[in-house]
Amino acid sequence: MNMNLSVIIVNYNVTRLLRNCLLSIQKYIKDVEYEVIVIDNASTDSSWGDLIPEFPSVRFIASDINGGFSRANNQAIQAAKGEYLLLLNPDTELEGFYMDRILDFADTQSDFGCLGVRMHDADGNFLPESKRSVPDVFNSFEKLFINFKKNNSKSYYRNDIKENAVAEVEVVTGAFLLIKKEVYEKIGGLDEAYFMYGEDIDLCYTLLQNGYKNYYYGKASLLHLKGESTVKDTVYLERFYGAMQIFIDKYYKESKPVQYSFLKAGLKLRHQIEKIKLK
């Protein structure tokens, strides 16, 4: 039987969350021929190894170095055999028997790029990054300085699209990102210039530039324990705002110099504000 799906998970010091994620996969992925590949990104906590005998069907890979999220995914995907890839965060849990329906949906779309689902946190709050626009000078200003998360505008967060809808969008999150392996390899995979953050935006934008379409599938929900696997410190800020700088350098510096100048100034200002808050 052909392999339908390869689930790719990058782990770094979150053994408890990873275990719950793997249990949810075992419970909810049915009627689909799939494999799970976990790559540990040189965790300082070796307890992830305790999961190997508990999940004998999962392929575990140990990376010698922590080269970042993009690099680890690209490394693991080299071993993947599925027609589709599902990039999945270890701090997520599937919540229903929907994977076969999602794959059926993807199969029926011409020029299918990637797909994301409706995410919520542990308190049941919808996570607006489930459906987004490509950053530009206008929606980036809104994202950096104004809280428009709850209005109904077509902005950085696609609040004009209902949470339970199925719709074409520009950007979905890398916490749950479905893409055909053939397409992933064709566009070059995740850009390894991004250590962490921003790589999902870049991948989605690259798909759009190559004529593919990206989708938000609000009929399926995902628990994303956002923040539990990330320490909000100066290293986080450097990586987050550094990733945004990589994106605008790559796409706006030469082609849209005016937008680039505004975006660069806005990122620098917001970065400084956030550093002050940490003190």
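Each reported figure results from applying straightforward, stated rules to the coordinates on display, with no laboratory input. Small disclaimer: the values here were computed from a predicted structure and weren't measured. Glycine also receives a Cβ, built like all others from the backbone with ideal geometry; neighbour counts cover every protein chain displayed.
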Top of ILE52, ILE248, ILE29 by mean-square fluctuation, Gaussian network on the chain, Cα under 10 Å: ILE52
Charge-dipole axis of the chain as Lys and Arg at +1 and Asp and Glu at -1 on Cβ define it, positive-most pick from PHE176, SER47, LEU86: PHE176
Normalised contact order of the chain, rounded percent, pairs of Cα under 8 Å and 6 or more residues apart: 21 percent
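Just how large is the dipole of the chain about the Cα centre, in debye to the nearest 20, putting +1 at every Lys and Arg Cβ and -1 at every Asp and Glu Cβ?
For the chain, the charge dipole is close to 1000 debye.
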Assigned charges on the beta-carbon of Lys, Arg, Asp, Glu; the range 5-104 dipole about Cα centre (debye): 100 debye
Label-to-label distance, nm, for residues given as THR108 and ALA79 (7 Å Cα→Cβ offset): 3.6 nm
Chymotrypsin sites (Phe, Trp or Tyr not before Pro) lying in DSSP loop within the range 165-222, provided at most 10 other Cβ fall within 10 Å: none
Least to most buried among PHE247, PHE262 (fewest other Cβ within 10 Å first): PHE262, PHE247
Residues of the range 26-55 with amide N under 15 Å of a point placed 7 Å along Cα→Cβ from VAL235: 41-46
Proximal aspartates and glutamates relative to LYS268, as straight alpha-carbon distance under 16 Å, when same-chain residues fewer than 8 apart are discounted: ASP136, GLU142, GLU238, ASP249
Tilt relative to the chain, helix 234-251 - C-alpha long axis, 0 to 90 degrees, to 10: 80 degrees
Among the listed pairs LYS81/LYS250; LYS162/LYS226; LYS162/LYS186; LYS213/LYS275, those beyond 25 Å (Cα-Cα): LYS81/LYS250; LYS162/LYS186; LYS213/LYS275
Length added when fully stretched, LYS256-ALA42, from 0.36 nm per residue minus Cα-Cα: 73.2 nm
Unit charges on C-beta of K, R, D, E only; dipole of the range 177-258, Debye: 380 debye
Calculated on alpha-carbon atoms, Rg and Dmax of the chain in Å: 18.3, 57
Acute angle (nearest 10 degrees) that the helix 199-209 long axis makes with the longest principal axis of the chain, alpha-carbon atoms: 80 degrees
Cβ-defined net charge surrounding ASP31, 12 Å radius [Lys, Arg +1; Asp, Glu -1]: -1
